[in-house]
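Each remark here refers to the structure printed beneath this line.
Every number in this text was worked out from the coordinates using simple rules, so none of it is lab data. Just so we're clear, the structure is a prediction, and the values are computed from it rather than from any experiment. Positions of Cβ are backbone-derived with ideal geometry, glycine not excepted, and every protein chain shown enters the neighbour counts.
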Amino acid sequence: MSTQYSDGAQFASCFRTDARPFVLTKPEPRGGTAVARLTYSEPGHGPVKIPAQSAFVVLSLMRDLVCSSLEVDGLPRCPGVLRTGEIGILDLRYETVIAVQSPFDFVYLYFPQSALDRLADEYDAPRIVECSLQPGVSATDPVVTQLAACLQRVVERQDCASEVLTDHVTLALQTHFAQRYGGMRIRADSARGALAPWQLRLAKELLTAHFCGRVSIARISTECGLSASHFARAFKCSTGMSPYRWLVGQRIEKAAELLRHSALSVAEIALICGFSDQSHLTRMFATTKGAPPARWRRGRPTNTSLRPLERRPAQRYDRPADSPPGAATNRARFDDRHQLTKFACGIIGANRRYASA
């Protein structure tokens, strides 16, 4: 069996595409799981040869995919049309050759056998031996379609993604695939149990310390002495929500405090609280609080009069003679933004001290 792929990133190289895709990969302990969107707008793509490797690939179709022929391990299979909104599965443990005749647009999810084995071991369940959905056959699966669409948006934004979010969605997809198509059965008693008090406290501290989401579930679970899937289940059992939902809730509460106790704009608050932009904060805030941030702020008294906010001017920075043009400007912008962030993070505590004085 070929071992030329260390993860799923190179699966995309088997296809001709309109543009080089961005491949989101999750290294150990998720075992090389990958996701990417592949598009090709011309007909007559031709044969695609995929070397054998210990992995499964799930295709979430955003456009009909027409195949004129399909061979698995040298044996012909009945080709067909994978319909828009449906999914198809390739068992890459066998060399696969597909003759693609139509343009295509799909999100692929690459699940290495090692990651699925680890998942089964964590649940004390038998490992996956076969896939119930045969190559060339499509099926309707709203869970995969919707979660793949979520990861597609992450891929399109590339490095703007939260590690907690991508870990959570990836784990959910792996578990769903293993249960529905791999026959994995989870015992009822394996899903019970909450985090110990010290584990819950440590997990919350790590999530809060990385407010912008740049910490992985794998790292937090390792600190707690648990596997990633066990930690995710236990955290939800302890708090009633996933780690990502809990973190979003903390960001919303921080944003609400800044709206009440500072004169910062909504866009500035969104940046400080780890949201990608103002519209992201507005959507999440309205869902949680029942009103957009600006309207919510107008309907509540604020304490900004206790300590008027004054924006510090950017520090002067004299550019060394050997530095590139624009370095002084960039450094000044960095200093200004750094001071703004430090100021915003301390304003709530300062206002409260003034109010109680």
Q) What list of ³J(HN,Hα) couplings, whole Hz, do you get for region 214-224 from phi and the Karplus terms 6.51, -1.76, 1.60, once you set θ to phi - 60° and write x for glycine and proline? A) 7, 9, 8, 4, 4, 5, 5, 5, 5, 4, 8
Q. How large is ³J(HN,Hα), in whole Hz, for each residue of region 37-52 in order, when computed from phi with the Karplus curve 6.51 cos²θ - 1.76 cosθ + 1.60 and θ = phi - 60°, using x for Gly and Pro?
A. 10, 10, 9, 8, 9, 9, x, x, 4, x, x, 10, 9, 10, x, 5
**Q.** Charge-dipole axis of region 39-198 as Lys and Arg at +1 and Asp and Glu at -1 on Cβ define it, positive-most pick from L173, S68, A115
**A.** L173
Q) If you place +1 on the Cβ of every Lys and Arg and -1 on the Cβ of every Asp and Glu, how big does the dipole about the Cα centre of region 192-240 come out, in debye to the nearest 20? A) 120 debye
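What FRET efficiency comes out for the pair T25/C212, r = Cβ-Cβ distance, R0 = 22 Å, nearest 0.05? Provide the component values of the computation, followed by the final result.
Details: r = 20 Å, r/R0 = 0.93.
Given R0 = 22 Å and the Cβ-Cβ separation, E is 0.60.
For region 95-210, take N as its residue count and report Rg(C-alpha) divided by 2.2 N^0.38 Å.
Region 95-210 yields a ratio of 1.30.
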Q) What order do you get for 115-124, 171-180 when each peptide is scored by the mean count of other beta carbon atoms within 10 Å, highest first? A) 171-180, 115-124
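Round to the nearest 0.05 the FRET efficiency obtained for E257 and A149 when R0 = 25 Å and r is the Cβ-Cβ distance. Display every interim value, and only then the final one.
On the way: r = 33 Å, r/R0 = 1.31.
My answer for the efficiency is 0.15.
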Q) Tell me, what ³J(HN,Hα) does each residue in region 120-131 have, in order and in whole Hz, if you take phi through Karplus 6.51 cos²θ - 1.76 cosθ + 1.60 with θ = phi - 60° and put x for Gly and Pro? A) 5, 5, 4, 8, 6, 10, x, 6, 6, 10, 9, 9
Q: Return the inverse of the average 1/r over all pairs of distinct C-alpha atoms in region 40-172, which is the Kirkwood hydrodynamic radius, in Å to one decimal.
A: 15.9 Å
